[in-house]
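Here the structure comes first, spelled out in structure tokens, and everything after it is commentary.
The values are calculated or read from the model by the stated rules, or taken from the named source; none is laboratory data. Fair warning: this is a prediction, and the values are worked out from it, not measured in the lab. Methodologically, a virtual Cβ is constructed for each residue, glycine included, from the backbone with ideal geometry; neighbour enumeration extends over all protein chains shown.
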Ligand SMILES: Cc1ncc(COP(=O)(O)O)c(C=O)c1O
């Protein structure tokens, strides 16, 4: 059996930048959730992203939770949330006692369908917020979705956990909403082992997020609290990893895109369809994902089994939130008769997209796919 090919694993710089920043924190004894690494990681992310005010946190999920609070989402409110996503996009809606209303995806992006979003506004009125996701790094239809939110004066929260480095009309994903969130979880395009960032569109919210993330202490000589706080700040050690990873982020985007291009070249002519990249958008191709064409005679489970037998890791697409037992009672809105997210889940596969993969590794994966679909 060949060597293991993984879906997406941590990829530290060859130069060892991450360890240097960690050692520096040890040398200076800044082993706390504050310090130069945290400040510099935020600064370099700010200049890379090119807009907004970043706040480094312990997880992307923490960033989503704070975005709910900053957006003023309260118990009993409705929040319109993309259904085809990881559960962490929806769970924070419930942390504040609100109810996620799930919105279907479209085939053009696999992300929130603007027509279904408009229908949700017609059927259920104005929500407290909208959560859009850039699935596997592929930008959603931000022009229409942001336009709908603006028209109704509803804050847009952009879950860009998977889309660091992706662009929509030349602008980085995560900067289109009132709040954007990033994740540096172990499998993401860059990682800090675990961590996240909140991107605010104004400084006042960023300052408030920082206060909430550090137990909401008031600026007084003693510990005074006038609102409920959290322990969500990123540690200075972890931020050292992030600071080092920023130096290789453009390279990681190139590597992920090269893997996707090789798959596309190698699998041309087979009965499968790649996640489409719309015009004027650039996906970071965090995970190259495909749909098995209807009638091809192979299911995702069969393909994943064949890959697994060759020591290759693949994955089903995210199972939509409206189909999860935990959200069985929640509302789900589709634009038309069919549920696109269910169809995508039934036919979709995420292919290994580890930035450490060689082109020979990609060819080996393609060989298995070719055999199964032949
Ligand atoms: C779409 C999406 N949203 C949110 C998250 C949560 O990020 P974290 O794991 O950093 O809490 C993740 C990844 O884990 C994700 O893929």
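With respect to (1) more than 10 Å from residue 57 (Cβ to Cβ); (2) part of a helix (DSSP H, G or I); (3) within 16 Å of the ligand (Cβ to nearest atom), the lone exception for residue 209 is condition (1). Going through (1) surrounded by fewer than 20 Cβ atoms within 10 Å (Cβ to Cβ); (2) over 20 Å from residue 87 (Cα atoms) one by one, residue 330 falls short only on (2).
With region 286-374 as the region, which helices (runs of 4 or more DSSP H) entirely inside it contain at least 2 residues that are under 27 Å from residue 116 (Cβ atoms)? Fully inside region 286-374 and qualifying: 340-347. Can you work out which of the residues in region 126-153 that are more than 16 Å from the ligand (Cβ to nearest atom) and in a loop (DSSP other than H, G, I, E, B) is farthest from residue 177 (Cα to Cα)? So the residue we want is 126. Any residue at all in region 159-168 that's buried (at least 24 other Cβ atoms within 10 Å of the Cβ), without any contact (Cβ under 8 Å) to a residue 60 or more places away in the chain and not in a loop (DSSP other than H, G, I, E, B)? Taking every residue of region 159-168 in turn, none turns out to be buried (at least 24 other Cβ atoms within 10 Å of the Cβ), without any contact (Cβ under 8 Å) to a residue 60 or more places away in the chain and not in a loop (DSSP other than H, G, I, E, B).
Is it the case that region 298-314 has a residue that's closer than 30 Å to residue 3 by Cβ, within 16 Å of the ligand (Cβ to nearest atom) and at pLDDT 95 or above? No, region 298-314 contains no residue that is closer than 30 Å to residue 3 by Cβ, within 16 Å of the ligand (Cβ to nearest atom) and at pLDDT 95 or above.
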